[in-house]
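Working notes, beginning with the structure itself.
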Amino acid sequence: MTTTALDFDRLRHEWNDIKAQVREKWNTLSDDDLTIHGGNIPQFLNRLHKVTGEDSATIESYLSSLLYGSSLPGARYAVEARERLGETAADAARMIRRRPITSIGSSVCIGLVVGVLVGLALQER
């Protein structure tokens, strides 16, 4: 049973970046032990468990700390949320560059509507 929310796709993608740190922690691992054969992460984790003697939860927790900066289960979601917000901001910036007048017009209209609604709400008090 796993205790962390390890994202196998992210591990596959970032494996070459964190492999040296894994080797440093468990220096008995061979090059073959550190190879993800056929992208099979469960098999890879099982091999790490057998070679290192560490329990699976400890291994996944360590890998999560390398991938997300923390082994806490919520760390994965915080990293993914930060990445999505960055993507959304980049999309918004591209839209503004493509259609600056439309963007300004939309912002002014939204500001006016919000201003009128706030004014009406305050007037009723």
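Once fully extended, how much extra length lies between Gln43 and Arg23, figured as 0.36 nm per residue of separation less the alpha-carbon to alpha-carbon distance?
5.4 nm
Counting only the backbone N, which residues of the range 68-82 are under 19 Å from the spot 7 Å out from the Cα of Phe8 toward its beta-carbon?
Backbone N within reach: 68, 76-77.
Viscosity 0.692 mPa s, temperature 37 °C: what is the translational diffusion coefficient of the chain from Stokes-Einstein with a Kirkwood Rh over Cα pairs, rounded to a whole number of µm²/s?
D, rounded to a whole number, is 180 µm²/s.
Regarding the range 8-71, what is the average projected area of its C-alpha convex hull, in nm²? Please report the intermediate quantities before stating the final value.
Values: hull surface 15.3 nm².
Mean orientational projected area (the range 8-71, Cα hull): 3.8 nm².
Helix-only mean residue ellipticity at 222 nm, the chain, DSSP H runs n ≥ 4 weighted -39,500 (n - 2.57), per residue, nearest 500. What is it?
Result for the chain, helices only: -25500 deg cm²/dmol.
For Thr35 and Cys109, calculate 0.36 nm times their separation in residues minus their Cα-Cα distance, and state this gained length in nm to one decimal.
Taking 0.36 nm per residue and subtracting the Cα distance, the gain is 21.1 nm.
Using all Cα-Cα distances in the range 81-123, what percent lands in each 5 angstrom bin from 0 up to the longest?
For the range 81-123, the pair-distance distribution reads 5, 21, 14, 16, 16, 14, 11, 4, 0.
For the chain, calculate the relative contact order in percent as a whole number, restricting contacts to Cα pairs under 8 Å that are 6 or more residues apart.
With pairs under 8 Å counted, the relative contact order is 25 percent.
Using the Cα centre of the chain as the reference point, and only Cβ charges (+1 on K/R, -1 on D/E), how large is the resulting charge dipole? Debye, rounded to the nearest 20.
620 debye
Show me the helices of the chain, taken as full DSSP H stretches, that run 24 Å or more along their long axis by Cα and average -1.0 or above in Kyte-Doolittle hydropathy.
For the chain, where a helix must reach 24 Å along its axis and average at least -1.0, the hits are 73-98, 100-123.
Throughout, read-outs are computed from the coordinates displayed, never taken from laboratory work. Computed from a prediction, not measured in an experiment: that's the story for all the values here. Cβ: placed from backbone, ideal geometry, glycine included. Neighbour counts: every protein chain shown.
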